[in-house]
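Have a look at the structure below, then the notes.
The values are calculated or read from the model by the stated rules, or taken from the named source; none is laboratory data. Bear in mind the structure is a predicted one, so any value in this text is a computation, not a measurement. Virtual Cβ from ideal backbone geometry, glycine too; neighbours counted across all protein chains shown.
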C-alpha cells in the first residue's frame, strides 16, 4: 500500500534520501514562488535581488568584479552577464573599469538600486519570517545546521 503525503510524495518505504530530496524540492519551489510574487511588485526577480544584495553589502563603495559576484552566488558567467545587463539597463547598477586594470569591470550598486533595496527589504524580511514561522525556532536552528552540513558536504 502506498503512503503518499499531501504533495504526492511516497513515504514510509525507508527511502529517506528520495523522500528528503523531493520534500526539499517542493519546499524550495513553494518558497521561490512566494518570494517571487513579493518581488514582482518591485520589478525584481530573486536573481536580481540576490545580485543587488551581494553588490551592496559585500562590495560596498569599492564594488565587486563580475567574477566575484558570480563566485559568491554560484552563478555561471553567462547567467551573471545576463542579470547584470538587465540591472544596468534598469539603472540599478553601474559598471566601470578598475584603475589598475581597465579590462576588469567593477560593479557597484547605483543610488536607484540602493533605494529599491531599502524599500524592498522590510517586506522581504516579513515575508521570509512568515514562511519560516511555520517551524519552531528549534526546528529552524536544526534546519539551518542541516543545510550548512549539507552545503559543506557538497563541497561549497
- Query: Are any of the residues in the stretch 60-67 surrounded by 16 or more Cβ atoms within 10 Å (Cβ to Cβ), within 15 Å of the chain's Cα centre (by Cα) and farther than 22 Å from residue 24 by Cα?
  - Reply: no
- Query: Do we have any residue at all in the stretch 11-32 that's modelled with pLDDT under 95, at positive phi and either surrounded by 12 or more Cβ atoms within 10 Å (Cβ to Cβ) or not assigned by TED's automatic domain parsing to the domain that holds residue 110 (or both)?
  - Reply: yes
- Query: What single numbered condition from (1) under 25 Å from residue 24 (Cβ atoms); (2) over 19 Å from the mean Cα position of the chain (by Cα); (3) part of a helix (DSSP H, G or I) fails to hold for residue 135?
  - Reply: (3)
- Task: Could you tell me which numbered condition residue 89 fails, if it satisfies all but one of (1) loosely packed, with under 12 Cβ neighbours inside 10 Å; (2) over 19 Å from the mean Cα position of the chain (by Cα); (3) modelled with pLDDT under 90?
- Result: (3)
- Message: Can you tell me which of (1) farther than 30 Å from residue 17 by Cβ; (2) modelled with pLDDT under 95 is the one residue 76 doesn't meet?
- Response: (1)
- Query: Where in the stretch 35-101 are there helices (runs of 4 or more DSSP H), lying wholly inside it, with at least 1 residues that are over 23 Å from residue 115 (Cβ atoms), in the same structural domain as residue 121 (by TED's automatic domain parsing) and free of Cβ contacts under 8 Å to residues at least 24 places away in the same chain?
  - Reply: 66-73, 77-89
- Message: When you scan the stretch 138-149, do you find a residue that is in a helix (DSSP H, G or I) and touching a helix residue (DSSP H, G or I) at 6+ places or on another chain (Cβ under 7 Å), even just one?
- Response: yes
- Message: Condition check: assigned to a helix (DSSP H, G or I) and surrounded by 13 or more Cβ atoms within 10 Å (Cβ to Cβ). Does residue 119 satisfy that?
- Response: no
- What about residue 135, is it surrounded by 14 or more Cβ atoms within 10 Å (Cβ to Cβ) and more than 20 Å from residue 55 (Cβ to Cβ)? no
